[in-house]
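Here's the structure we're looking at; comments come further down.
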Protein chains: 4
Amino acid sequence: MANLEYQPRYVLSLSCPDRIGIVAAVSTFIAQHQGWIVEAQHHADQEQMRFFMRQEILVESLPFDLETFRQKFHQIAESFAMDWKITLSTQRKRVIILCSKPEHCLYDLLARWRSGELAMDIPCVISNHETHRQFVEWHEIPFIYVPVTPETKATAYAKIMELFDHYQADVMVLARYMQVLSPTMCDRLRGKIINIHHSFLPSFVGAKPYHQAYARGVKLIGATCHYVTAELDAGPIIEQDVIRIDHSDAVDDIVRYGKDIEKTVLARGLRYHIEDRVLVHGNKTVVFR
Amino acid sequence: MANLEYQPRYVLSLSCPDRIGIVAAVSTFIAQHQGWIVEAQHHADQEQMRFFMRQEILVESLPFDLETFRQKFHQIAESFAMDWKITLSTQRKRVIILCSKPEHCLYDLLARWRSGELAMDIPCVISNHETHRQFVEWHEIPFIYVPVTPETKATAYAKIMELFDHYQADVMVLARYMQVLSPTMCDRLRGKIINIHHSFLPSFVGAKPYHQAYARGVKLIGATCHYVTAELDAGPIIEQDVIRIDHSDAVDDIVRYGKDIEKTVLARGLRYHIEDRVLVHGNKTVVFR
Amino acid sequence: MANLEYQPRYVLSLSCPDRIGIVAAVSTFIAQHQGWIVEAQHHADQEQMRFFMRQEILVESLPFDLETFRQKFHQIAESFAMDWKITLSTQRKRVIILCSKPEHCLYDLLARWRSGELAMDIPCVISNHETHRQFVEWHEIPFIYVPVTPETKATAYAKIMELFDHYQADVMVLARYMQVLSPTMCDRLRGKIINIHHSFLPSFVGAKPYHQAYARGVKLIGATCHYVTAELDAGPIIEQDVIRIDHSDAVDDIVRYGKDIEKTVLARGLRYHIEDRVLVHGNKTVVFR
Amino acid sequence: MANLEYQPRYVLSLSCPDRIGIVAAVSTFIAQHQGWIVEAQHHADQEQMRFFMRQEILVESLPFDLETFRQKFHQIAESFAMDWKITLSTQRKRVIILCSKPEHCLYDLLARWRSGELAMDIPCVISNHETHRQFVEWHEIPFIYVPVTPETKATAYAKIMELFDHYQADVMVLARYMQVLSPTMCDRLRGKIINIHHSFLPSFVGAKPYHQAYARGVKLIGATCHYVTAELDAGPIIEQDVIRIDHSDAVDDIVRYGKDIEKTVLARGLRYHIEDRVLVHGNKTVVFR
């Protein structure tokens, strides 16, 4: 949900063991300070007995700033053993894009960034190929070439993590980046690396999923946006979609159809992430879209 | 959301002018009485400045019955000018089905009723044809033949409304009932008649929508489940879906594909209604699925 | 494609190594005898270098009967090393339905059979439970109870194959039949057993696929109609579809959404089969819908 | 269908009154000259009694060039009263893009052009705003600013038609071009102007379709790629698709979801057109995808 005349919001998201009085405590706190809630979503996972919540509150309706909010809310959070955070909607996330030679996801992300559809900053684009340097630089975004070979892999990934820190990035997007990241990197940046895999996971993990799909003779192909974990293509799923194919579609037709799904699914998943709409618990996500 | 071991719930649904403190007031009320909320959804319509809410609370967590809940909640409802109701999830809605000769929606609804997927009672099936008498009666449901001709229309509709009252029905479903109801009936049973129209409304209002779709050369066809109002096929939409067709599909192929969409969309829409998941405001619906 | 006033057709379907002149030979043969083709589809698999074709020819346009057609066409078929068959569209396939306790696919198939949407005969319904005896018998279809226990499995499957022969069945449909068939049976009836699996294969093979889907946190669930082979859930796929779910859907919601997909996908797959629209090659299908 | 190692093809597409022997005549002609057909599709419209066909034949399999093919085929075409054409797959169509301020379709088309996914030439981009000049010019494509005001409309459209002729364009794409073309232009370039309309036509013709969709409370929104005719948004439909929305989506959410559908549907429709896969008959299309 969104409104046409945009007003800054605090975005409060949390999860905690489910019990009586959570909503009452949070909403009473907000109402007491005259906070105007413009968006609110809950979810109670009855299997895990865990409660999830996301609220958007108009900044100008509250008498205090982000830091004060944090301090004041701290006590409630403690008493319910909440895993929580609060962010300011106008403080744009810093998103590093990693890409290789395929251009469709890169073009798509830059178009959405440029038009303001994705409200993020892109401190740099990193690639293991020089292919898209000029295109990226035309957008006045630094392009950093970090080659990856079996021998240089460790150095390359150290370099990428260094860049992540240097640019104070919030998240890294693998926009069809054709390298498998190291377990170290996956662990260190857990929940901060988003990948687009070109299959409807858990089908067709690993390399050449469209070829696998063609060989199996499936009637729909898909794409999956997920957080990267050390186990390949097995992290928490944020978003998925599919498109119909048939016997007349050869592998390159499938690739073409797939690209359209990939870029749409990646863009949706990334938007959910940068708007703090994704709450991870175990290997699953709650997405308050 | 649902759980496997079903426990009875109170279903509280309401809408009111949006302002600060609604959620706090409602959730505090529930928490004070140790009510356990298993499902909660909100929506704030920023254009209409109206707030919508639906809550499911475990019956056994609260110390009072439905009537006492009503009395106690009354004051809060008043103070926020709420349009509200509370129902007991185990009190099955009484659903009268109206059908004509096409069998697909009827079969589908009876299968869902019989398996318990749709938790409703069917006090009777009314039809303007004798076609399905035996099938319906096999299910031990009374079948009532109410013929409709241009001359007898008024009498027929009076009879149907009488049956609605007699059976203390909650809602009437037009399961491909091939007659246009009278404005009187539409007004008297406003919000209580659900129709399935075999097009993706607002396209192809009125008769033979699949023929209209074929003539226009559309590439997808659809179905729409909506509340019936005096204006034909213009009532609030509850649910819609579509399916792809192409040039090779003749009208009877379209009809066949369409049937699958019709019965699915009708069943979904009806389920939302009988679980009190649909809140109507003006000519639009909020569906807390 | 279909026409409203139905005229009987010969359905010729074939596959052969791809080479120049196949279409010319077949279409010249038909044209020479004044055959009126109402539907024609080709597919050349460039990887396998194999050609697939399906034609519907109006019976009354040709001067000879099915047997004569077979004799006359034999020479062309030989010269191109065709794997081919010709059937008469008015000769209904004989379809045995196997079911267990779930009713949704059974109800759905019987509704489509009764309305003539699926132009087939149902010589009997076989089940390992008595649950649906009365419902099936009401339709004047023999209901045969064949219990299956670990001890009686071999006998039970022998009995089912005997029934298949006895009723001169063309195909057997597993309409959510909750038993794994024996390899013997799968081999003997290769290409003649159609199953509906309640996942988007190859994901979630085997038991409780909806639980597997829930555990993995996928955002769409699906169903797959496929030919049964000795390897579980690995046979040639005929049709698939999916539906969107989200974090708020518990397993029983997923089951409910899934049922709608299962019955639609099964009905589509079965229709393709009984209209001789499915050509199997290796572990893949060409479906001329 | 496509193959990985691309070989040039002749693309023959035709329609004619349906009668016996069309396929035989065409396929015999091709086989006699040892033509290798890699893709073939037919459609017989039984209502219109019209036959449609598209064939792709490997250039190197035939002993003659395009001109000779035309001459030799002429006699067959005459005898069946065919409306036909033959093109060379390697001769890229010349596509002029018209855009206004929205960037999503423009970015998307240029990405597909640059990657070779859409095998076309773009002689120029025309716009009534200067917004995208630099982006287009970075791609080394001429950008031509043709302002349109109520007063200058006639001149502007004359200028655009002049550019169409000057660049020997094959087709013009309205990539969210926010001006209604003149009837003269629509007539002169009939079948050569492709538009993307941001609704599931025939619903929500004209201005602000997403606002119309929001007001009506539909549960899915769509986009339609169609040929432009003098009657607004009423030309032959090439491709359509939809996406699900719900009550929580405000107009700007709908706009965002819609953009993804628009660019995908436009790209698919345009590809069908430039690969000569669309045959128009009356106000409908046959699309041999």
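The values are calculated or read from the model by the stated rules, or taken from the named source; none is laboratory data. All values reported here derive from a predicted model rather than from experimental measurement. No Cβ is skipped: glycine too gets one built from the backbone with ideal geometry, and neighbour counts run over all protein chains shown. Each accessible area value is taken on the protein alone, full model and side chains, heavy atoms only, with ligands, DNA and RNA left out. Shrake-Rupley method; radii C 1.70, N 1.55, O 1.52, S 1.80 Å.
On the basis of being open to solvent by less than 20 Å² (accessible area, probe 1.4 Å) and touching a Phe, Trp or Tyr at 6+ places or on another chain (Cβ under 6 Å), does B:VAL251 make the cut?
yes
For the list (1) among the aliphatic types (A, V, I, L, M); (2) surrounded by fewer than 16 Cβ atoms within 10 Å (Cβ to Cβ); (3) closer than 29 Å to D:PHE164 by Cα; (4) touching a Pro at 6+ places or on another chain (Cβ under 9 Å), I need the number of the one condition that D:VAL95 fails.
D:VAL95 satisfies all of (1) among the aliphatic types (A, V, I, L, M); (2) surrounded by fewer than 16 Cβ atoms within 10 Å (Cβ to Cβ); (3) closer than 29 Å to D:PHE164 by Cα; (4) touching a Pro at 6+ places or on another chain (Cβ under 9 Å) except (2).
Among (1) within 13 Å of another protein chain (Cβ to nearest Cβ); (2) over 30 Å from C:ILE245 (Cα atoms); (3) open to solvent by less than 10 Å² (accessible area, probe 1.4 Å), where does D:THR229 come up short?
Just one mismatch for D:THR229, condition (3).
Looking at A:ALA250, A:ALA267, A:ALA230, can you tell me which residue is at pLDDT below 95 and more than 22 Å from C:GLN212 (Cα to Cα)?
Only one candidate passes the filter, namely A:ALA250.
Rundown of residues vs (1) in contact with a strand residue (DSSP E or B) (Cβ under 7 Å, 6 or more places away or on another chain); (2) not basic (Lys, Arg), yes/no style:
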{"site": "A:GLY116", "(1), (2)": "no, yes"}
{"site": "A:LYS153", "(1), (2)": "no, no"}
{"site": "A:ILE160", "(1), (2)": "yes, yes"}
{"site": "A:ASP165", "(1), (2)": "no, yes"}
{"site": "A:HIS211", "(1), (2)": "no, yes"}
{"site": "A:ALA215", "(1), (2)": "no, yes"}
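Name the residues in the range B:229-248 that are of a type in the set (Gly, Ala, Ser) and in contact with a strand residue (DSSP E or B) (Cβ under 9 Å, 6 or more places away or on another chain), would you?
B:ALA234, B:GLY235, B:SER248
Looking at the range A:9-28, can you tell me whether even one residue there is part of a loop (DSSP other than H, G, I, E, B), over 24 Å from B:PHE288 (Cβ atoms) and not small (Gly, Ala, Ser)?
For the range A:9-28, residues part of a loop (DSSP other than H, G, I, E, B), over 24 Å from B:PHE288 (Cβ atoms) and not small (Gly, Ala, Ser): absent.
If C:THR87 satisfies every condition in (1) buried (at least 19 other Cβ atoms within 10 Å of the Cβ); (2) touching a residue at least 60 places away in the same chain (Cβ under 8 Å); (3) β-branched (Val, Ile, Thr) but one, which is the exception?
Of the numbered conditions (1) buried (at least 19 other Cβ atoms within 10 Å of the Cβ); (2) touching a residue at least 60 places away in the same chain (Cβ under 8 Å); (3) β-branched (Val, Ile, Thr), the odd one out for C:THR87 is (1).
So is B:GLU137 in a helix (DSSP H, G or I) and closer than 24 Å to C:LEU106 by Cα or not?
On the way: in a helix (DSSP H, G or I): yes; closer than 24 Å to C:LEU106 by Cα: yes.
Taking the combined requirement at face value, the residue satisfies it.
Do we find a residue being in contact with a helix residue (DSSP H, G or I) (Cβ under 8 Å, 6 or more places away or on another chain), farther than 30 Å from B:ARG289 by Cβ and open to solvent by 30 Å² or more (accessible area, probe 1.4 Å) anywhere in the range A:51-72?
yes
If I filter the range D:112-136 down to residues being surrounded by fewer than 19 Cβ atoms within 10 Å (Cβ to Cβ) and among the basic types (Lys, Arg), which single residue comes out as nearest to D:TYR157 (Cα to Cα)?
Among those residues, the one meeting the criterion is D:ARG133.
Which one of the conditions (1) touching a residue at least 12 places away in the same chain (Cβ under 8 Å); (2) open to solvent by 50 Å² or more (accessible area, probe 1.4 Å); (3) within 14 Å of chain D (Cβ to nearest Cβ) does A:LEU109 fail to meet, given that it meets all the rest?
(2)
Which of (1) open to solvent by less than 30 Å² (accessible area, probe 1.4 Å); (2) within 11 Å of another protein chain (Cβ to nearest Cβ); (3) more than 30 Å from A:GLN41 (Cβ to Cβ) is the odd one out, the single condition C:LEU174 does not satisfy?
Unmet for C:LEU174, out of (1) open to solvent by less than 30 Å² (accessible area, probe 1.4 Å); (2) within 11 Å of another protein chain (Cβ to nearest Cβ); (3) more than 30 Å from A:GLN41 (Cβ to Cβ): (2).
Select from the range D:177-226 the residues that are touching a Pro at 6+ places or on another chain (Cβ under 9 Å), within 19 Å of D:ARG94 (Cα to Cα) and open to solvent by 10 Å² or more (accessible area, probe 1.4 Å) and list them in ascending order.
Of everything in the range D:177-226, just one residue is touching a Pro at 6+ places or on another chain (Cβ under 9 Å), within 19 Å of D:ARG94 (Cα to Cα) and open to solvent by 10 Å² or more (accessible area, probe 1.4 Å), namely D:GLY191.
Step by step: first the residues of the range B:18-29, then only those that are at the interface with chain A (Cβ under 7 Å from one of its Cβ atoms) and more than 18 Å from A:LEU62 (Cα to Cα), then the one that is surrounded by the most Cβ atoms within 10 Å (Cβ to Cβ). Which residue is that?
Among those that are at the interface with chain A (Cβ under 7 Å from one of its Cβ atoms) and more than 18 Å from A:LEU62 (Cα to Cα), it is B:SER27.
Looking at the range D:76-90, is at least one residue of a type in the set (Lys, Arg), closer than 30 Å to D:LEU174 by Cβ, away from every other protein chain (no Cβ under 14 Å) and not in a helix (DSSP H, G or I)?
Yes, the range D:76-90 contains at least one residue that is of a type in the set (Lys, Arg), closer than 30 Å to D:LEU174 by Cβ, away from every other protein chain (no Cβ under 14 Å) and not in a helix (DSSP H, G or I).
Within the set of pairs 6 or more residues apart or between chains, which connect a residue that is in a loop (DSSP other than H, G, I, E, B) inside the range C:52-63 to a residue that is of a type in the set (A, V, I, L, M, F, W, C) with Cβ atoms less than 9 Å apart?
Between residues of the range C:52-63 that are in a loop (DSSP other than H, G, I, E, B) and residues that are of a type in the set (A, V, I, L, M, F, W, C), the close pairs are C:LEU62/C:ILE30; C:LEU62/C:TRP36; C:LEU62/C:PHE69.
I'm trying to understand the selection: among the residues of the range B:189-210, which are closer than 16 Å to B:LEU270 by Cβ and without any contact (Cβ under 8 Å) to a residue 40 or more places away in the chain?
Once the filter is applied, which keeps residues that are closer than 16 Å to B:LEU270 by Cβ and without any contact (Cβ under 8 Å) to a residue 40 or more places away in the chain, the range B:189-210 yields B:LEU189, B:LYS192, B:ILE193, B:HIS197.
Mind listing whichever residues of the range D:143-152 are surrounded by 15 or more Cβ atoms within 10 Å (Cβ to Cβ) and either out of contact with any helix residue (DSSP H, G or I) (no Cβ under 9 Å at 6 or more places or on another chain) or under 19 Å from A:HIS139 (Cα atoms) (or both)?
Selection gives D:PHE143 alone.
Kindly indicate which of A:GLU47, A:GLU78 is modelled with pLDDT under 95 and open to solvent by 30 Å² or more (accessible area, probe 1.4 Å). Can you show your working first?
Details: A:GLU78 fails: modelled with pLDDT under 95.
Every option except A:GLU47 fails the conditions.
Quick check on the range D:214-222. Is at least one of its residues in contact (Cβ under 8 Å) with a residue 40 or more places away in the chain and more than 8 Å from every other protein chain (Cβ to nearest Cβ)?
So far as the range D:214-222 goes, yes, one or more of its residues are in contact (Cβ under 8 Å) with a residue 40 or more places away in the chain and more than 8 Å from every other protein chain (Cβ to nearest Cβ).
Residue by residue, here is whether (1) of a type in the set (A, V, I, L, M); (2) closer than 30 Å to A:VAL286 by Cα; (3) in contact with a Leu (Cβ under 6 Å, 6 or more places away or on another chain); (4) within 14 Å of another protein chain (Cβ to nearest Cβ) holds:
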{"position": "C:TYR145", "(1), (2), (3), (4)": "no, no, no, no"}
{"position": "C:THR152", "(1), (2), (3), (4)": "no, no, no, no"}
{"position": "C:PRO183", "(1), (2), (3), (4)": "no, no, no, no"}
{"position": "C:GLN212", "(1), (2), (3), (4)": "no, yes, no, yes"}
{"position": "C:THR224", "(1), (2), (3), (4)": "no, yes, yes, yes"}
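Among (1) within 12 Å of another protein chain (Cβ to nearest Cβ); (2) in a loop (DSSP other than H, G, I, E, B); (3) within 28 Å of A:ASP249 (Cβ to Cβ); (4) in contact (Cβ under 8 Å) with a residue 24 or more places away in the chain, there is one condition D:GLN48 misses while meeting the rest; what is its number?
The one condition D:GLN48 does not meet is (3).
What number of residues in the range B:33-44 are open to solvent by 20 Å² or more (accessible area, probe 1.4 Å) and either over 18 Å from B:ASP65 (Cβ atoms) or facing chain A (nearest Cβ under 8 Å) (or both)?
Qualifying residue count, the range B:33-44: 5.
Identify, by number, the condition in (1) facing chain B (nearest Cβ under 9 Å); (2) at negative phi that D:ALA267 doesn't meet.
Going through the list (1) facing chain B (nearest Cβ under 9 Å); (2) at negative phi, D:ALA267 breaks only (1).
Condition first: within 11 Å of chain B (Cβ to nearest Cβ) and at pLDDT 95 or above. Can you find one or more residues in the range A:1-15 that meet it?
So far as the range A:1-15 goes, no, none of its residues is within 11 Å of chain B (Cβ to nearest Cβ) and at pLDDT 95 or above.
Would you point out the residue of the range A:237-247, among those that are open to solvent by 30 Å² or more (accessible area, probe 1.4 Å) and not acidic (Asp, Glu), that is nearest to the chain's Cα centre (by Cα)?
A:ARG244
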